[in-house]
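A quick write-up on the structure given underneath.
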C-alpha cells in the first residue's frame, strides 16, 4: 500500500546544540545541523526507512527546496510538493545538552496563494489513484482557513482513502466533523479540544473515547514520558516506554504516527500497533535526525515497551 503524507507548512529545522543554555547571555554552540522538516515530512521519512512506499505533497518554497529534494532522493520518497515563490520557513531548535531541554523558535510560514492551492488539490486528486492512506500532519499557516483539513478529508474519503490526522486547535476541531479515521492528539491538544485539564488517565480515556464514532475509529493520545493511550470502540491500552536517556524530543510524535500507520498497514492488532508505534517514538527521542535505526534496534525497543490494558 502506498502512503501519502501532506505537509502544508513544512520547515527547515536548524538544530543548535548548547551546553547550559542561558537566556540573555552569549552562548557557545557545540554543533549545528539542518534537516528537512515539517510533521508530514518527518512521518514520511520514518515510513520510508521502514521500507514503505511513500509520497509527499504540500507547499515548498522554490528558493531553498534543495534541502528537501536531497532528503527525498536519499530516502527514495516520491516528491509531489507544489513549489511556491520564496523560501520555506526555517525553525530554530536550541538543544541544551546539560538539561536535556529543547527550546523551539518557530516561524509562521508564508501563505501559498490561490493558484498554488488549486494545483495542490489537483496533485492530491492524482495521488488518490495510487495512495490508499493519507496522513495530514501539522498546523496550518496564515492564509489557509481552519476548515482546510476538513475539506481535504471530505475529498479523500469520497474516494475511500484512509485518513490519519495529527493537528491541533481550530483545525483539529473543524476536521473532526469530516470524520478522519484516526487522530493522534497529544494530551495538551486533547485538553484544548475538550476545554478542560486532563490530569488523570481516566479523564484522558473519557475524552478520547468521546471522539470515537462510525468514522473515527481510533484515537491515540501521546502523553510524553507517561507513554500513550490507544483507544478504539472495543478496547484501550496504555503503552509505557522504558526509562532511556533522551537526546531530542523533536519528531517523537511524528515517529509515533509513522509507527501507527506501519502497524495498521501490516494489519496488526491494536496492542501490537501500540508497541510498534512506541518503539518508533523511542527511536526518535534516543537519537538525532529523522532516520529510523536498524530493524533489530526497533525490535529491541518493542520488547522494552510495557502494554497495559486500560481498566475502564
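The values are calculated or read from the model by the stated rules, or taken from the named source; none is laboratory data. Keep in mind that this is a model prediction, so the values were computed, not measured. We place every Cβ from the backbone using ideal geometry, glycine too, and count neighbours over all the protein chains shown.
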Checklist entry - Take the residues of segment 151-167 that are within 11 Å of residue 124 (Cβ to Cβ) and part of a loop (DSSP other than H, G, I, E, B): which is nearest to the chain's Cα centre (by Cα)? => result 161
Next on the checklist: Among the residues in segment 146-166, are any farther than 22 Å from residue 230 by Cβ, buried (at least 17 other Cβ atoms within 10 Å of the Cβ) and modelled with pLDDT under 95?
Outcome noted: no
Next on the checklist: Condition first: farther than 16 Å from residue 239 by Cβ, crowded, with 19+ Cβ neighbours inside 10 Å and either free of Cβ contacts under 8 Å to residues at least 24 places away in the same chain or in contact with a strand residue (DSSP E or B) (Cβ under 9 Å, 6 or more places away or on another chain) (or both). Now tell me which residues in segment 266-299 satisfy that.
Outcome noted: 290
Checklist outcome for this item: Conditions (1) touching a strand residue (DSSP E or B) at 6+ places or on another chain (Cβ under 9 Å); (2) part of a helix (DSSP H, G or I); (3) surrounded by fewer than 22 Cβ atoms within 10 Å (Cβ to Cβ) -> residue 260 fails only (3)
Checklist entry - With 100, 141 as the choices, which residue is over 24 Å from residue 267 (Cα atoms) and surrounded by 17 or more Cβ atoms within 10 Å (Cβ to Cβ)? => result 141
Item to check | residue 195 surrounded by fewer than 21 Cβ atoms within 10 Å (Cβ to Cβ), without any contact (Cβ under 8 Å) to a residue 12 or more places away in the chain and more than 28 Å from residue 243 (Cβ to Cβ) | outcome: yes
Checklist entry - Can you name the condition, by its number, that residue 214 falls short on among (1) free of Cβ contacts under 8 Å to residues at least 40 places away in the same chain; (2) surrounded by 14 or more Cβ atoms within 10 Å (Cβ to Cβ); (3) more than 17 Å from the chain's Cα centre (by Cα); (4) within 25 Å of residue 263 (Cβ to Cβ)? => result (2)
Checklist outcome for this item: Selection over segment 232-246 where residues are surrounded by 15 or more Cβ atoms within 10 Å (Cβ to Cβ) and touching a residue at least 60 places away in the same chain (Cβ under 8 Å) yields a count of 7
Checklist entry - Looking at residue 250, is it assigned to a loop (DSSP other than H, G, I, E, B), in contact (Cβ under 8 Å) with a residue 24 or more places away in the chain and closer than 20 Å to residue 39 by Cα? => result yes
